[in-house]
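Please read the structure below before turning to the comments.
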Amino acid sequence: MPELWTDGRRLHYQEWGPPDGPAVLLLHGLTGRAAVWEPVARRLAAVGFRTVACDLRGHGASDRAADYRLTGYVEDTIAVIERLGLAPAHLIGHSLGGTIAWEVAGARPALARCLVIEDQHPEADPAAPAVWQEWARGWPWRFASQAEGLAFLEATGRSLAWWAPSLVPLPDGGWGWAFDRTAVVETARHLWSQAAWDRLARVPVPTLLLRGEQSQHLTAETAARMAAIIP
């Protein structure tokens, strides 16, 4: 299991494709992990891209952290790019990963070749912390078996492609999630605490914005405003 250390913590990552190909770094969203990118990563690798996906702090096999502010995620990502020699990388981010991508590009332009931002916005959302707190209180954190966990996902209409990779065996024999409850709640508390329009406008590299037609997170109006201010 490949990993690197930064600031005394372990970050797990996965890699596909030729080591000398143009680099792509895939950044997952809140409650995700590197493994959710595998279908995308394999396609990119098949056409020659060196493709890396990292478990963000508090997610997957990466260590938990004392701090889940955005600056910490950005510093981790910069460390991954520099330690693995990915610069300049194509940065592809979903949700939280999209925010990390534009923050990295703004802070360290030489590290990014281009951005793909999928289903994320720069608006402040004062209601987000309470929403995620309520979600965490109602979310089942433990199952007796993998089958029970998968049955929960199917019964509640959740995407197996997104959620199943994060369903993992626990040390005591049960099954649970590869993301940390504190990481989710604290990240949500910080992530949408203030708008980021000014930082998005300073992104210095070509950027592709992706929005699902039925997205409830990124409205068509906000997406149009984003497209008007980014390169």
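The values are calculated or read from the model by the stated rules, or taken from the named source; none is laboratory data. Nothing here was measured: the structure is a model prediction, and the numbers come from that model. Cβ sites come from the backbone with ideal geometry, for glycine too, and all protein chains shown count toward neighbours.
Checked against the criterion of being among the small types (Gly, Ala, Ser), loosely packed, with under 13 Cβ neighbours inside 10 Å, without any contact (Cβ under 8 Å) to a residue 12 or more places away in the chain and over 21 Å from Cys54 (Cα atoms), the candidates Ala220, Ala227 yield just one match: Ala220. Of the residues making up the range 108-134, those that are part of a strand (DSSP E or B) and within 14 Å of Ala23 (Cβ to Cβ) number 5.
Would you check if there is a residue in the range 80-96 being hydroxyl-bearing (Ser, Thr, Tyr) and more than 22 Å from Met1 (Cβ to Cβ)? Scanning the range 80-96 turns up at least one residue that is hydroxyl-bearing (Ser, Thr, Tyr) and more than 22 Å from Met1 (Cβ to Cβ). Within the range 164-184, being in a helix (DSSP H, G or I) and surrounded by 19 or more Cβ atoms within 10 Å (Cβ to Cβ) holds for Ser166, Ala183, Val184.
Taken as a whole, the condition of being buried (at least 17 other Cβ atoms within 10 Å of the Cβ), in a helix (DSSP H, G or I) and within 14 Å of the chain's Cα centre (by Cα) does not apply to Ala45. Within the range 165-186, the set of residues being among the hydrophobic types (A, V, I, L, M, F, W, C) and more than 16 Å from the chain's Cα centre (by Cα) comprises Leu167, Val168, Leu170, Trp175.
Only one of the numbered conditions (1) at pLDDT below 95; (2) of a type outside the set (D, E, K, R); (3) closer than 20 Å to Leu209 by Cβ is violated by Ala161, and that is (3).
Quick one: count up the residues across the range 65-107 that are charged (D, E, K, R), in contact with a strand residue (DSSP E or B) (Cβ under 8 Å, 6 or more places away or on another chain) and either more than 18 Å from Gln14 (Cβ to Cβ) or assigned to a strand (DSSP E or B) (or both). Result for the range 65-107: 1. Regarding the range 22-36, can at least one residue be identified that is among the hydroxyl-bearing types (Ser, Thr, Tyr), within 23 Å of Arg189 (Cα to Cα) and touching a residue at least 24 places away in the same chain (Cβ under 8 Å)? For the range 22-36, residues among the hydroxyl-bearing types (Ser, Thr, Tyr), within 23 Å of Arg189 (Cα to Cα) and touching a residue at least 24 places away in the same chain (Cβ under 8 Å): present. When Ala161 is tested against (1) surrounded by 13 or more Cβ atoms within 10 Å (Cβ to Cβ); (2) in a helix (DSSP H, G or I); (3) touching a Pro at 6+ places or on another chain (Cβ under 9 Å), just one condition goes unmet, and that condition is (1).
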